[in-house]
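Scroll down for the structure; my scribbles are underneath it.
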Amino acid sequence: MNNTTKFNQKADSYSLGRPSYAEAFIEMLYSRQGFNEQSVIADIGSGTGILTKQLLQRGSYVYAVEPNADMRCNAEAALKCFTKVKCVNGTAEHTTLENSSVHFITVAQAFHWFNVLSFKDECKRILKPNGKIFLIWNKKDPKSAVSIKQNLIFEKFCSDFVGSSGGIEENDEKIKLFFDDSFERVQFDNPLFYDREKFVQRSLSSSYSLTKEDKNFSEYLNELNCLFDRYAKNGVLSIPNKTVAYFNLK
């Protein structure tokens, strides 16, 4: 399957269930990494605009580059109150942006879908001199009981499941290749708190998740709900999570 179609019909679940990124990380971008209200940012693989919105709230101009029509249309609706944004139908390897047009590139929860070398070339083309690239993930604690049990459900029902974040590991070889093994890694606590609906929608938002059309969907949904019931306290399920980012040093 073309990677750009893996999130077809999942945009609503994505926008309802996916968390934003740690505010301390956003603050780091603007206090220590040069982001400001004059910055032009390409948020590539922008999905429903979760990170895009956080950058727009700081006053930057953002190109939200997203190839999936469902996700892009959802973002357009969610970001319509902002004036400094343009939603772009483009891929990581062919953004359609002008040469040397952006100060920064952000990639949230999407790098694992990209062709590393082609994306690297595209970054060189659209970045201004001394521009920086940030690869960002929300990463659940894999040792937490709820994460372990949730992954077992995914392994049971979802044939495409290879692990969270497309199987990307800490300091993954793809990250090393992209940055020529010269990068910095930072992380910030970003604990997740789900009510039942949000937890289920988060699970359904994954590329590998079953959909209503799949024959085992009801059983899958039931096991997710049972997992919530087992670990939630007073109607809230807490999952340890960190916002993790990698970026070039110069």
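Given the options D189, D181, name the one that is under 30 Å from A232 (Cα atoms) and open to solvent by 70 Å² or more (accessible area, probe 1.4 Å). First the steps, then the outcome.
On the way: D181 fails: under 30 Å from A232 (Cα atoms).
None of the other options fit; the residue is D189.
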Subset of segment 82-118, residues in a loop (DSSP other than H, G, I, E, B), closer than 28 Å to K242 by Cα, open to solvent by less than 30 Å² (accessible area, probe 1.4 Å) and of a type in the set (S, T, N, Q), comes to Q109
Does any residue of segment 121-139 turn out to be more than 15 Å from D172 (Cβ to Cβ) and modelled with pLDDT under 95?
yes
So, in segment 6-51, exactly how many residues are β-branched (V, I, T) and within 25 Å of T211 (Cβ to Cβ)?
2
Would you check if there is a residue in segment 130-139 being exposed (fewer than 12 other Cβ atoms within 10 Å of the Cβ) and either of a type outside the set (S, T, Y) or not in a loop (DSSP other than H, G, I, E, B) (or both)?
yes
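I'd like to know if segment 1-18 contains one or more residues that are outside any helix (DSSP H, G or I), aliphatic (A, V, I, L, M) and in contact (Cβ under 8 Å) with a residue 24 or more places away in the chain.
Filtering segment 1-18 for residues outside any helix (DSSP H, G or I) gives 1-2, 6-10, 18.
Retained after the next criterion (residues that are aliphatic (A, V, I, L, M)): 1.
Checking which are in contact (Cβ under 8 Å) with a residue 24 or more places away in the chain leaves us with none.
No, segment 1-18 contains no residue that is outside any helix (DSSP H, G or I), aliphatic (A, V, I, L, M) and in contact (Cβ under 8 Å) with a residue 24 or more places away in the chain.
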Out of the residues in segment 39-76 that are small (G, A, S) and within 18 Å of the chain's Cα centre (by Cα), state the one that is most open to solvent (accessible area, probe 1.4 Å).
A69
Looking at segment 222-237, can you tell me whether even one residue there is under 28 Å from N68 (Cα atoms) and surrounded by fewer than 18 Cβ atoms within 10 Å (Cβ to Cβ)?
no
Does segment 189-212 contain at least one residue that is under 25 Å from M71 (Cα atoms) and free of Cβ contacts under 8 Å to residues at least 24 places away in the same chain?
yes
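Does S31 satisfy being over 16 Å from A69 (Cα atoms) and either of a type in the set (F, W, Y) or at pLDDT 95 or above (or both)? Don't jump to the end; show me each part of the working.
Values: over 16 Å from A69 (Cα atoms): yes; either of a type in the set (F, W, Y) or at pLDDT 95 or above (or both): yes.
Judged against the criteria, S31 is a match.
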With the structure loaded, tell me whether S203 is open to solvent by 40 Å² or more (accessible area, probe 1.4 Å), under 24 Å from S15 (Cα atoms) and either modelled with pLDDT of 95 or more or not aromatic (F, W, Y) (or both) or whether it fails that test.
no
Could you say whether any residue in segment 160-167 is open to solvent by 30 Å² or more (accessible area, probe 1.4 Å) and touching a residue at least 60 places away in the same chain (Cβ under 8 Å)?
no
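The values are calculated or read from the model by the stated rules, or taken from the named source; none is laboratory data. Worth saying up front: this structure is predicted, and the values here are computed from it rather than measured. Neighbour counts are summed over all protein chains in view; Cβ atoms, including those assigned to glycine, are modelled from backbone coordinates with ideal geometry. For the accessible areas, the whole protein counts, side chains as well, though only heavy atoms, and no ligand, DNA or RNA atoms are used. Shrake-Rupley method; radii C 1.70, N 1.55, O 1.52, S 1.80 Å.
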